[in-house]
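Worksheet: the structure to be examined is printed underneath.
Readers should treat all values here as calculations from the given coordinates under stated rules, not as data from a laboratory. Fair warning: this is a prediction, and the values are worked out from it, not measured in the lab. Positions of Cβ are generated from backbone atoms using ideal geometry, with glycine treated the same way; all protein chains shown enter the neighbour counts.
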Amino acid sequence: MKKKFLIIILITIFSLGAVKIILASLFSSNGVNLSLLNKEIDQIQEQNQRLEEEVSQKSALTNLLPKAYELGFQEKGKVVYLTTQTPVALR
Amino acid sequence: MLNYRLRILYLLFICFSLAIILKLFYWQIILGDKLSAQAKSQYSVEQELPASRGKIISSDGFSLVTNGEAYLLYAIIPKIKETPQMISRSIKKIIEDVDEDELKNRLSNQELIWMPLAKKISRQQKEELEKLKIEGLGFEKFSERIYPEASMSANLLGFVGKDESGKNKGYFGLEGFYDRSLIGKPGLLSGEKDATGLPILVGDRKEENEIPGRDLELYLDRRIQFLVETKLKGAIEQFQAKAATAIVMDPKTGGILAMASYPNFNPSTYTIWDPDSYTNQAVSLTFEPGSIFKPIIMAAAIEEKAIKKEDRCDDCNGPKVVGEYTIRTWDEKYHPNTTMTEILEHSDNVGMVYVVNKLGLNKTLDYLDKFGFGKETGIDLEGEANVPVRDKKNWYEIDVDTVSFGQGIAVTPIQMVQAISVIANGGNLVEPHVVSKIYTEDKVVEIKPKIKNKVISPATARIVTEMMISAAENGGKWKRPEGFKIAGKTGTAQIPLEGYYDKTKTIVSFIGFAPAENPRFVMLVTLKEPNVTWGGMTAAPLWFDIAGQLFFYLGISPRF
């Protein structure tokens, strides 16, 4: 009974050790992947920030106004409002 | 003999053992901490994950302040192979605002290994410099604040500088007021790495995520802000004014739609600007308001039934003598038996003295407090100024008389806008506010309008509004947008200088709201020391010019 119990303990210790070695070897190669993924995330975030910055700069009113003049847009003239008064010809 | 040899060997063993013990003692006990730290630095990594600062967004969703990247250009002196002259010339070609001689001096300094050469260079400049492949030059990336609209609304936004410990800190305006919300909380990554620097996932690894700064959405409308700033700048040039402010506020919510202040600055390059230009005059300037204060006293007197709209002044036929002082009208014209409405139309100082005397000192002080004078408005901007109203015991008869036409009391532009909003919105004192929403990681916090107290009844507000409409229509010969009911009042306040008023130096202003029947905005414009000293000829035309554009932009139709 005692011998059987000892064997079970030994088997458990060895199998846990083996699992740890397998996992360690698996995860150690995943470190490279993790590093690459982090780099990719950083690059995408950087590109996103650059695009956001570019959009903000290009759509700023201080930049749009001279561009609008360049393209021939003009300030609006006098605005005429139409009234809802009854026309003379109507009965 | 053998015994002798054994003894020597024994002694040698003891000596060696002692030497080993001593060396181990030296490594483990004396150098233990140092060596342990060295070893740890080889296999462990601890990295701060910076939190991005929150953005500031206008009501149309445009980022008035966002984050971008910039680089620090540095040199590692021992690695430099080209001459300092050649390197500095190459850098100067790409970064125009650097001092070439200063660069040469820095590159020639052999006492230092690492030397900064240029701060805040752009990505394009960095890429161009990289193409030159100059050995010994390097770049350090950092995040910087980007202000796409440059100096637009600069005094309202503030800027980000450094604190005593070299960390980012917001100063002035929103950046200063909301610094703790905008700044976020950096995260921390700790773990083990292998010889090539790659992370070991089975080792001790701890990752505490960063909490990004909160984004702020404003009531501010970018197009209104642009319009107001453009017009204000034009008026400064036209009238050669030294400073100017403009505030546009929604009287129902207290939301600031636009706020401009001159002189201003560019927050991206704040270090090269005069520090005086950082001040937001709209909340920090204290001035004697002059005649734009008259509707406030009039409203208080009507609310207290001290006067009625139909009353006529029986003491307005000439200057009023109070002790050693004589109170006159601005144009030396007097209007016997004048109505209360005409007092505002003519901006009649003597008429206002009649009104304030009917109201009395106690009630006047009561209403100054109720309208929010003498205390901060609570606007969410750093640097709000306030001059407390004097104690009752320090008020003399002349002080009560002069306060009726806005002299002898100091207010800020934002206090004036807050007070006139009471008349515009039917009697409520609403707290002015710039931020409408705060975006956290998982929710949106909406800032609801805050009504501080009820100051006057809707009936009184209607009566004073009608009086202000008459003042805007008949108070001067300015060009008004046709078909719109506008309630307004001009002001010309002399600037007090060492105990007397300088007649040549004035702060001119116009305050009003429109459309009077259902106001969409309250607006105040002020110009400091213009070359034409009357508000009716300077601030009023500017106000109506901006209002005309606002009607069109806000889709408000005229009523013929």
Practice item. Mind putting a number on the dipole of the protein assembly as shown about its Cα centre? Charges go on the C-beta only, +1 for Lys and Arg and -1 for Asp and Glu, and I need it in Debye to the nearest 20. Key: 2060 debye
Exercise for review: Could you list the square roots of 5 times each eigenvalue of the Cα gyration tensor of segment B:258-346, that is, the equivalent ellipsoid semi-axes, sorted largest first and rounded to whole Å?
Suggested key: 41, 17, 11
Check your understanding: Expressed as a whole number of Å, what is the distance separating the alpha-carbon centroids of segment B:181-255 and segment B:516-530?
Key -> 28 Å
Point to revise | Proxy reagent accessibility, fewest Cβ within 10 Å first, across B:Tyr171, B:Tyr262 | key: B:Tyr171, B:Tyr262
**Study point:** 3J(HN,Hα) from dihedral phi, segment B:406-415, Karplus parametrisation 6.51/-1.76/1.60, rounded to Hz, x for glycine, proline
**Key:** x, 10, x, 9, 10, 10, 9, x, 5, 5
Practice item. For chain B, build the charge dipole from Cβ charges (+1 Lys, Arg; -1 Asp, Glu) around the Cα centre, then report which of B:Leu218, B:Thr533, B:His335 sits farthest towards its positive end. Key: B:Leu218
Check your understanding: How far apart, in nm, are two points set 7 Å out from the Cα along the Cα-to-Cβ line at B:Leu31 and at B:Asn317?
Key -> 10.8 nm
Practice item. Compute the Cα gyration tensor for segment B:1-126, then decide on rounded, prolate or oblate, letting a ≥ b ≥ c be the square roots of its eigenvalues: rounded whenever a/c is under 1.5, prolate when a/b is larger than b/c in the other cases, and oblate in all that remain. Key: oblate
Review point. Which of B:Val400, B:Asn3, B:Leu497 sits closest to the plus end of the dipole of chain B, meaning its Cα is farthest towards the positive end, when Lys and Arg get +1 and Asp and Glu get -1 on the C-beta?
Key: B:Asn3
Study note, to complete from the structure: Going fewest to most other Cβ atoms within 10 Å around each Cβ, B:Ile511, B:Ile14, B:Ile121 line up as B:Ile14, B:Ile121, B:Ile511
Point to revise | Distant-in-sequence amide H partners of B:Val45 (H built 1.01 Å from N, under 5 Å) | key: B:Gly191, B:Glu192, B:Lys193
Check your understanding: Can you list the residues, at least 5 places off or on another chain, whose amide H is less than 5 Å from the amide H of B:Ala244, using H built in the peptide plane?
Key -> B:Tyr262, B:Lys528
Check your understanding: Mind listing which GluC sites (Glu not before Pro) in segment B:116-221 are in a DSSP loop and have 14 or fewer other Cβ atoms within 10 Å?
Key -> B:Glu135, B:Glu164
Review point. Order of B:Trp273, B:Trp543 from fewest to most other C-beta atoms within 10 Å?
Key: B:Trp273, B:Trp543
Practice item. Could you compute the FRET efficiency for A:Asn33 and B:Arg7, with r as their C-beta to C-beta distance and R0 at 60 Å, rounded to 0.05? Key: 0.40
Exercise for review: Provide the per-residue ³J(HN,Hα) series for segment B:186-195, in order, calculated from phi with Karplus coefficients 6.51, -1.76, 1.60 and θ = phi - 60°, each as a whole number of Hz, with x at glycine and proline positions.
Suggested key: x, x, 9, 10, 10, x, 10, 10, 8, 4
Check your understanding: How large is log10 I(q)/I(0) at q = 0.18, 0.28 Å⁻¹ when the Debye formula is applied to the Cα atoms of segment B:115-173, each weighted equally and without solvent?
Key -> -0.82, -1.21
Study note, to complete from the structure: Longest chain A segment clear of chymotrypsin sites (Phe, Trp or Tyr not before Pro) sitting in DSSP loops (not H, G, I, E or B) with at most 15 other Cβ atoms within 10 Å runs A:1-72
**Study point:** For segment B:134-227, the fraction of alpha-carbon pairs in successive 10 Å shells from zero, as %
**Key:** 12, 30, 25, 20, 11, 3, 0
Study note, to complete from the structure: Computed ³J(HN,Hα) along segment B:122-132: with the Karplus parameters 6.51/-1.76/1.60, θ = phi - 60°, integer Hz and x for glycine or proline, the list is 7, 5, 4, 5, 5, 5, 5, 5, 4, 4, 6
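Taking only the alpha-carbon atoms of segment B:424-560, what semi-axes of the equivalent ellipsoid follow from 5 times the gyration tensor eigenvalues under a square root, in whole Å, largest first?
Computed over segment B:424-560, the values are 29, 22, 17 Å.
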Practice item. Compute the Cα gyration tensor for chain A, then decide on rounded, prolate or oblate, letting a ≥ b ≥ c be the square roots of its eigenvalues: rounded whenever a/c is under 1.5, prolate when a/b is larger than b/c in the other cases, and oblate in all that remain. Key: oblate
Study note, to complete from the structure: the protein assembly as shown: Kirkwood hydrodynamic radius (Cα pairs, Å) comes out at 30.4 Å
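State to the nearest 20 debye the size of the charge dipole of segment A:7-91 about its Cα centre, where the only charges are +1 on K and R beta carbons and -1 on D and E beta carbons. Kindly include the intermediate steps, with their values, before the conclusion.
Values: 8 positive and 8 negative charges, 89 e Å.
Approximately 420 debye in magnitude.
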**Study point:** Whole-angstrom Cα spans of chain B along principal axes, big to small
**Key:** 141, 54, 49
Exercise for review: Of the options B:Gly166, B:Ile76, B:Val283, report the single residue whose Cα projects farthest towards the positive end of the charge dipole of chain B (beta-carbon charges: Lys, Arg +1; Asp, Glu -1).
Suggested key: B:Ile76
Practice item. Report, to the nearest 10°, how far helix B:361-370 tilts away from the longest principal axis of the Cα atoms in chain B, using its own Cα long axis and a range of 0 to 90°. Key: 40 degrees
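Evaluate the charge dipole of segment B:400-545 about its Cα centre and quote only its size in Debye, nearest 20, assuming +1 on the Cβ of each Lys and Arg and -1 on the Cβ of each Asp and Glu.
Values: 16 positive and 13 negative charges, 45 e Å.
The calculated dipole for segment B:400-545 is roughly 220 debye.
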Check your understanding: Relative to the longest principal Cα axis of chain B, at what angle does helix B:32-43 sit, 0 to 90 degrees, rounded to 10?
Key -> 80 degrees
Exercise for review: Report, to the nearest 10°, how far helix B:458-474 tilts away from the longest principal axis of the Cα atoms in chain B, using its own Cα long axis and a range of 0 to 90°.
Suggested key: 80 degrees
